[in-house]
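Participant: Just passing along the structure, written as structure tokens.
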Amino acid sequence: MARRKSETLLTHGGRAAIAGYDFINPPIVRGSTVLHANVADMKERSRRFRTDEPGAVNYGLYGTPTHHALFELLSELEGGYRSWAVPSGLTSCTIVMLAFLRAGDHVLVSDSAYGPTRRFCIETLPRYGVQASFYAPTAGRELEAQFRPNTKLLWLESPGSLTFEMQDVPLLAELARKRGVVTAIDNTWATPLYFQPLKCGVDVSVHAATKYICGHSDMLMGTITCTQPAWSPLRQTLFNFGLAVSPEDAYVALRGLRSLAARLRQHRATAARLIEWLLAQTEVERVLYPALPGDPGYEIWKRDMSGATGLFGIVLKPSAGGARLNALVDAVEVFGRGYSWGGFESLLIPVYPERSVAPCEFEGRLFRISAGLEDADDLIDDLKRGFAALRAT
Ligand SMILES: Cc1ncc(COP(=O)(O)O)c(C=O)c1O
């Protein structure tokens, strides 16, 4: 049978792990202890777990059928060998680093990486003898010069979630692979639907499922999908740390995936309407959105990704920043002023990117919109209210 397209996988995938229940979505299976008929049964179940049979159920920490249904679909979507879930998007970033780094190692991190991921690299990794250094997110071949003999991991985030630089993922992954360096990416913006990094040479893809996968701003989760060689160190680290998500959350994430394609189409359409309006305002210098023709990342986005989501940045002219930007943010009534993104409600916040390689050139005049599922006309009216307040300041 021909491989089904991603949108069909979203609705039909992740069912093998729950065969026998007959419900269209997996039931929530709760449990820590698994009971065995006898010693032979115990040995057989342990063998299946030890030999890493997909979907093997041995103890609640190592996944119930509900978890395995989610993992199966995530792996199918990104063409991965195995997937797992952890309690937050941030955990998915940090646990991958812990899996591939040991004392004496060095990790190269994109300067656009999510703030708390950066802080983990700066504040926590050195306590375990690991050094991190940052590189310009738009670096190409020149990144070669920044690999050290002890570099073991290359960390990507494309596009960056505050400044939206696209990275040349296939090229960077190839540079790393030539040196035996593992590549991992925070793929949250594109979702598993619009970008499959493992097909571009990346070893590990992580998502803050908290955002679009869950889609309703009522859950925290990180997911990890990886190649076969990357699974063994990841599995060991995940199990040794004892991290688990609840079966309820696994169920909610799988349920979120079912409607991901439809939600993303609406997020994108609304983002396009808002961007068009914003670009017509004299105070707007630029919109940062890789799917916008003319954006520095547009060509890479078009080459590598099959769609765009609803998160973008807006750079105001220098005269409209500071207190005037704050007045805009304070005046909106439909947009929420809140962190995170990818949910049904639109959010608008000023952002202050932390940087190590070079200061952010948009300091004090950058804000970010997560386009939700409201009527775009209402959102544009709200932006008009915001810009009126900015102009009155
Ligand atoms: C790009 C990116 N990665 C990871 C995370 C972390 O996700 P979580 O909030 O689930 O820890 C975030 C959260 O904002 C993010 O924007």
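Participant: If you go through segment 1-43, how many residues are more than 30 Å from the chain's Cα centre (by Cα) and open to solvent by less than 80 Å² (accessible area, probe 1.4 Å)?
Facilitator: 5
Participant: Of the conditions (1) within 20 Å of D111 (Cβ to Cβ); (2) more than 12 Å from the ligand (Cβ to nearest atom), W189 clears all except one; give me its number.
Facilitator: For W189, the failing item is (2).
Yes/no per residue for (1) under 16 Å from the mean Cα position of the chain (by Cα); (2) open to solvent by less than 30 Å² (accessible area, probe 1.4 Å):
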position: G55; (1), (2): no, no
position: E78; (1), (2): yes, yes
position: V109; (1), (2): yes, yes
position: Y114; (1), (2): yes, no
position: C121; (1), (2): no, yes
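Participant: Continuing with this model, one more query. Quick one: would you say R177 is out of contact with any Leu (no Cβ under 9 Å at 6 or more places or on another chain), closer than 22 Å to S340 by Cα and not β-branched (V, I, T)?
Facilitator: In short, no.
Participant: I've got another one for you. Can you find a residue that is open to solvent by 30 Å² or more (accessible area, probe 1.4 Å), away from the ligand (no atom under 16 Å from the Cβ) and touching a residue at least 60 places away in the same chain (Cβ under 8 Å) anywhere in segment 89-99?
Facilitator: no
Participant: Let me ask you something else. Against the condition among the β-branched types (V, I, T), more than 15 Å from the ligand (Cβ to nearest atom) and in contact (Cβ under 8 Å) with a residue 24 or more places away in the chain, how does T225 come out, does it pass?
Facilitator: Considered against the rule, which asks whether it is among the β-branched types (V, I, T), more than 15 Å from the ligand (Cβ to nearest atom) and in contact (Cβ under 8 Å) with a residue 24 or more places away in the chain, T225 comes out as no.
Participant: I'd like the residue in segment 196-209 that is surrounded by 24 or more Cβ atoms within 10 Å (Cβ to Cβ) and not aliphatic (A, V, I, L, M) and, out of all such residues, is nearest to the ligand (Cβ to nearest atom).
Facilitator: This residue is H207.
Participant: In segment 267-325, which residue that is among the aromatic types (F, W, Y) and assigned to a helix (DSSP H, G or I) is farthest from T188 (Cα to Cα)?
Facilitator: Per the stated criteria, the residue is W277.
Participant: Please determine whether any residue of segment 213-222 is of a type in the set (S, T, N, Q), assigned by TED's automatic domain parsing to the domain that holds P159 and either in contact with a Cys (Cβ under 7 Å, 6 or more places away or on another chain) or open to solvent by less than 20 Å² (accessible area, probe 1.4 Å) (or both).
Facilitator: no
Participant: Just checking, how many residues over segment 214-267 are of a type in the set (S, T, N, Q), in contact with a Leu (Cβ under 7 Å, 6 or more places away or on another chain) and under 22 Å from E345 (Cα atoms)?
Facilitator: Count: 1.
Participant: Of the residues that sit in segment 121-174 and are outside any loop (DSSP other than H, G, I, E, B) and aromatic (F, W, Y), which one is nearest to the ligand (Cβ to nearest atom)?
Facilitator: Applying the filter and picking the extreme gives W155.
Participant: Another question, if that's okay. Just the residues that are part of a loop (DSSP other than H, G, I, E, B) and among the β-branched types (V, I, T), please, taken from segment 4-50.
Facilitator: I24, I28, V29, T33, V34
Participant: Would you mind stating whether A323 is surrounded by fewer than 14 Cβ atoms within 10 Å (Cβ to Cβ) and either hydrophobic (A, V, I, L, M, F, W, C) or at pLDDT below 95 (or both)?
Facilitator: Taking the combined requirement at face value, the residue satisfies it.
The values are calculated or read from the model by the stated rules, or taken from the named source; none is laboratory data. Just so we're clear, the structure is a prediction, and the values are computed from it rather than from any experiment. Positions of Cβ are backbone-derived with ideal geometry, glycine not excepted, and every protein chain shown enters the neighbour counts. When the accessible area is computed, the model is the full protein with side chains, heavy atoms only, and any ligands, DNA or RNA have been set aside. Shrake-Rupley method; radii C 1.70, N 1.55, O 1.52, S 1.80 Å.
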